[in-house]
Amino acid sequence: MYKKIMLLVLLFPVLISYGQRNDVEGMKYLDDHRRPLFRENILIPDVNGYKVLKSDFHTHTVFSDGRVWPAIRNQEVWEEGLDAYAITDHIEYTPFSKDVRVNHNRGYELVKKDAEKQNLILVKGSEITRQTPPGHFNALFIDDASGFIADRATNEYDREAMMKAAEQNAFIFWNHPGWKPNIEGSYEWLDFIEDLYVSKALHGIEVVNGFGIHLKALDWCIDKGLTVMGSSDIHNLVAHDYDLNQRHVRRTMTLVMATDRTPEALREALDAGRTVAWASKYLLGKEEHVRSLFEASVILAPSHYTEVKANGQATHFYQISNNSDLYFELELKDGKGTRRIVLNPRSSQQISAPEETTSLTYEVVTTYIRSDRHLSVVFTL
Ligand SMILES: [Zn+2]
Ligand SMILES: [Zn+2]
């Protein structure tokens with residue numbers, strides 16, 4: 001009887017999923033080779049009461065030089081467990097224009113409904129693509145992407161395009177500074193950038209673009225109060241560029257600490273600069289935000305065991321847990337105890353310290369709070 005019930009229970013979902021199909025005599029379906037669809041749950045605890053929104057605000061489609069149709073972007077974002085994204089096709093670079101009609105708003109329009117259905121926050125954006133220097137800028141939360149096409153005949157061409165975006169109350173960030181290192185001025189705080197900055201037409205910088213970290217840009221963000229951004233700048237399928245078959249491999253993204261999972265809260269958090277760039281094993285951002293993420297994720301429990309050697313020397317053992325999908329690697333800087341701790345996503349480690357140790361200071365070497373500084377953490381024992 002039990003077996004029969006189990007068989008029914010097991011068959012039930014199969015019957016439902018196949019029930020819709022018009023089975024035809026003489027036809028067989030090979031569903032065992034289908035990839036099951038599901039959405040990943042990226043685990044990051046709330047930070048100081050803020051929700052951590054996993055976001056990618058730099059992606060491309062065939063409406064500029066990307067390889068995929070916009071709907072694929074939405075599908076990927078849903079499957080990978082992100083909360084928010086933007087399609088940011090180049091305004092001034094449309095290599096497929098002979099095949100795809102140029103329409104700078106179309107990518108967004110095509111996925112708007114899909115995003116709503118899938119409960120994703122879709123932000124309207126575009127990439128303003130100037131010569132390098134000054135390079136490329138992403139404008140988010142725009143009304144009309146065709147509105148920044150500036151008159152190429154004027155000397156103020158670059159500035160005009162940026163100001164038009166700013167007039168739409170866009171959140172604007174400088175993309176991949178330093179991506180063309182051989183061009184003079186491509187990785188410098190140019191007068192043009194300073195002008196945007198003082199004119200309040202520059203709000204963030206991409207500290208990580210895809211697989212490249214721009215450490216100098218992190219210092220600029222910190223020194224000038226700009227928002228730290230990390231994005232994939234994906235042109236192909238995400239699964240083509242990232243080894244998503246490996247556990248815990250994710251695209252480069254921005255972690256946004258927002259009061260709520262809404263477009264308004266997202267915008268407020270970006271304006272307030274509550275972000276950390278997450279790429280590979282690394283977290284980059286302002287010290288307070290990287291620290292908050294660390295403290296929300298990593299917990300050191302009170303000692304659960306004490307070993308006493310024959311000479312009377314006692315050693316305490318502790319469990320340290322990482323309750324997130326982030327990765328942390330710690331190196332001991334001060335105190336006597338475990339020298340190196342590797343905290344893989346959702347895992348724990350055992351550490352130990354002699355009885356007389358009252359605190360351990362570690363550097364979290366997989367974080368950057370400046371180009372030359374990691375986060376330092378102290379565990380009081
Ligand atoms: Zn670019
Ligand atoms: Zn791009």
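Values quoted throughout were computed directly from the atomic coordinates according to the rules given, and no laboratory measurement underlies them. Only a predicted model underlies this, so the values are computations on that prediction, with no experimental measurement involved. Cβ placement follows ideal geometry from the backbone for every residue including glycine, while neighbour counts extend to all protein chains displayed.
When a footprinting reagent is the concern and you count Cβ atoms within 10 Å, what order do HIS203, HIS240, HIS90, HIS58 take, fewest first? Present the calculation step by step, with values, prior to reporting the outcome.
On the way: HIS203 22, HIS240 12, HIS90 18, HIS58 29.
The order, fewest Cβ neighbours first, is HIS240, HIS90, HIS203, HIS58.
Give me the dipole magnitude in Debye, nearest 20, for the range 51-285 about the Cα centre, with unit charges on the beta carbon: positive for Lys and Arg, negative for Asp and Glu. All intermediate terms of the calculation are to be shown ahead of the outcome.
Numbers: 26 positive and 35 negative charges, 139 e Å.
Charge dipole, the range 51-285, about its Cα centre: 660 debye, nearest 20.
Once you've got the Cα coordinates, tell me which of LYS54/LYS112; LYS200/LYS224; LYS180/LYS286 are over 21 Å apart.
Numbers: LYS54/LYS112 18 Å; LYS200/LYS224 12 Å; LYS180/LYS286 26 Å.
Violating the 21 Å limit, Cα to Cα: LYS180/LYS286.
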Item to complete: Would you mind checking which residues have amide H under 5 Å from THR227's amide H? H placed 1.01 Å from N; only 5 or more apart, or other chain.
Response: GLY204, ILE205
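Arrange TRP174, TRP189 by Cβ neighbour counts within 10 Å, fewest through most, would you? Let's see the in-between values first.
Working: TRP174 24, TRP189 15.
Going from sparsest to densest Cβ surroundings: TRP189, TRP174.
Can you compute the charge dipole magnitude of the range 144-230 about its Cα centre, using +1 on each Lys and Arg Cβ and -1 on each Asp and Glu Cβ, nothing else charged? Give it in debye, rounded to the nearest 20. Walk me through the numbers on the way to the answer.
Values: 7 positive and 14 negative charges, 51 e Å.
My answer is approximately 240 debye.
Order 253-259, 268-274, 313-319 from most to least packed using the mean count of other Cβ atoms within 10 Å.
Values: 253-259: 25.4, 268-274: 19.0, 313-319: 15.1.
In descending order of packing, they fall as 253-259, 268-274, 313-319.
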Worksheet, complete the sentence: Taking a ≥ b ≥ c as the square roots of the Cα gyration tensor eigenvalues, with a/c under 1.5 meaning rounded and otherwise prolate when a/b beats b/c or oblate if not, the range 51-285 comes out rounded
Worksheet item: Just going by the charge dipole of the range 51-285, with Lys and Arg at +1 and Asp and Glu at -1 on Cβ, which of GLY225, ALA239, ILE142 is farthest out on the positive end?
Response: ALA239
Worksheet item: Based solely on its DSSP helices, what 222 nm [θ] is calculated for the chain when runs of n ≥ 4 H residues each add -39,500 (n - 2.57) and the sum is averaged over all residues, nearest 500 deg cm²/dmol?
Response: -7500 deg cm²/dmol
Fill in: Burial order of peptide ranges 116-124, 28-36, 159-167 (average beta-carbon count within 10 Å, highest first)
159-167, 116-124, 28-36
